[in-house]
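Since the structure comes first, as structure tokens, the remarks are kept for the end.
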Amino acid sequence: MSLKSSKKVDTNRYELEITIDSEKFCNAINTVYKRERKNISVPGFRKGKAPLGIIEKYYGEGVFFEDALNLLYVESIEGAAAEAGVSIVDDEMKFDLVSISKAEGAHFKVTLTTKPEVKVGEYKGLEAEKLICEVSEDEIKAELERMADRNSRMVEVTDRAAALGDTAVIDFEGFVDGEAFEGGKGESYSLALGSGQFIPGFEDQIVGHNSGEEFDVDVKFPEEYGAKELAGKDATFKVKLHELKVKELPEIDDEFAKDVSEFDTLNALKEDIKAKALERKNKAAEDEVENQLIDKIIDGMEAEIPEAMFKNRVEQSYRDFEYRLQMQGMPIDMYMQYTGSNETEMKKSLRPQAERQVKIRLALEKIVELEKLTASEEDLVKEFATLAETYSMPVDQVKAAIPEKDIADDLAVRKAIDLVKENAKLKEVKEYTKVEKEEKAEKKPAAKKTTTKKATASKSADGEKKPAEKKTTASKTTTTKKTATKKAETEEK
């Protein structure tokens, strides 16, 4: 198969003219014949035993043309696109069959959407602010208090009435207009008073009551309450207070340090907390520098980005989120039910970040091209080893699952980010400037000089898309295997 011609027909739209030689096409026909012959009957032969030549004579030479072309379609388009130097970003292509025969092979044209031409502005010597990171004694104290809270224990309170901050163990049942309602009943429920877990007013009315008391709690459901049949309604809850508990915190001293860490003294634990907090802050500061530089690169980028690329990225982000939920044991349908969301709303919320990710990738790929950045063999070996460790898989399985080219492309993009950071002019600050803070608060995903152009789509991290299998050759003279099978079964009857 080969690319006969390539021409740009519109912004990000190319027409590829592709030929598949006779030998390759005939080999594909033979493959399809071997796969499908068991389903085809020809008078005078047992079902599945008719030779290829007899089937073609009986049903027409084109009986297997469509499936043979489907067999070669994806490979031929990917090869032609690579030869033409374009990257495909959608799978709804315009297909035109020019000619098809065993003697001449297949000749067709496809019009497809491609990655845009990209121009980037300055990417060396960019200015950014880097935060000088410090860890205060108050931050260390707050972390120690969190650790103490995690290691606290609940003790029963018997000598006083309930107060905010207590945990009340209660039975309750709710009534509206004297009728119990669904979901309004609980037994031995532990409620942290003042947490806001229950509707407004409920927890406050438990305050002042003692263990063993039974009493009514009168509340009004909010107008925007999730259950519409209860929204805005007055309700009475019958409550029995079984028990009051309060959190008892351990003393923060050397013994505490020994109990919660590998350190023997509180001072050693404090130093560890400080070091880890500083590491986290420095990492966040580095990430923020990278974001500032990337924002400036995007702002200086010029490209007409096909809508397909954004849609592809949204779809992938949605599938990634769905996969993460599944790993946690929650189907996405259940998640949407709990959050009151739906697929359309979720994808809409993913759109701004998806647009930013596509633009970042395009800009960095352009820098890779300009700087001729590549991943070395050593880089690839290290990356595959890291992935194998991350996913607890043998390296060979990782290599089988992830194409080496994809890994190499990602590594080259990382090198582009490193290059931009290495050549940046950083100004150390104790806090971001007022202007910088406002920019962060109002940051929009759209780049100033980037426009979009509509096209159909659906997939990939940076919006790139592999062609889908061709479903029809659009040839009116081709008889499909399904027709052949149906015809044979009719004649057998």
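Beta carbons closer than 6 Å, at least 6 apart along the sequence or on distinct chains, pair a first residue in segment 50-63 that is farther than 15 Å from C26 by Cα with a second that is surrounded by 19 or more Cβ atoms within 10 Å (Cβ to Cβ) and aliphatic (A, V, I, L, M) for A50/V42; I54/V42; Y58/V42; Y59/A484.
When F263, F256 are checked against the criterion of being hydrophobic (A, V, I, L, M, F, W, C), in contact with a Leu (Cβ under 9 Å, 6 or more places away or on another chain), within 30 Å of E134 (Cα to Cα) and without any contact (Cβ under 8 Å) to a residue 24 or more places away in the chain, a single residue qualifies: F263.
What number of residues in segment 170-220 are closer than 23 Å to A231 by Cβ, within 44 Å of the chain's Cα centre (by Cα), part of a strand (DSSP E or B) and not charged (D, E, K, R)? Qualifying residue count, segment 170-220: 12.
Considering segment 352-387, the residues that are more than 26 Å from V89 (Cβ to Cβ) and among the small types (G, A, S) include one that is nearest to the chain's Cα centre (by Cα), namely A385. Counting only residues that are touching a Phe, Trp or Tyr at 6+ places or on another chain (Cβ under 9 Å), of a type outside the set (A, V, I, L, M) and crowded, with 19+ Cβ neighbours inside 10 Å, segment 297-324 holds 0 of them. Could you tell me whether any residue of segment 156-165 is under 37 Å from the mean Cα position of the chain (by Cα), closer than 26 Å to P250 by Cβ and of a type in the set (D, E, K, R)? No - not one qualifying residue is present in segment 156-165. Whether a residue is touching a residue at least 60 places away in the same chain (Cβ under 8 Å) and not assigned by TED's automatic domain parsing to the domain that holds Q337 was assessed, and G174 passes this test. Residues of segment 287-313 that are of a type in the set (D, E, K, R) and either farther than 27 Å from E428 by Cα or without any contact (Cβ under 8 Å) to a residue 12 or more places away in the chain (or both): D287, E302, E304, E307, K311, R313.
In the set (1) assigned to a loop (DSSP other than H, G, I, E, B); (2) surrounded by 13 or more Cβ atoms within 10 Å (Cβ to Cβ), E139 fails one condition alone, (1).
In the set (1) more than 22 Å from N312 (Cα to Cα); (2) of a type in the set (V, I, T); (3) surrounded by fewer than 17 Cβ atoms within 10 Å (Cβ to Cβ), V420 fails one condition alone, (3).
Going through (1) within 25 Å of D10 (Cα to Cα); (2) touching a Gly at 6+ places or on another chain (Cβ under 9 Å) one by one, D96 falls short only on (2).
The values are calculated or read from the model by the stated rules, or taken from the named source; none is laboratory data. Keep in mind that this is a model prediction, so the values were computed, not measured. Glycine also receives a Cβ, built like all others from the backbone with ideal geometry; neighbour counts cover every protein chain displayed.
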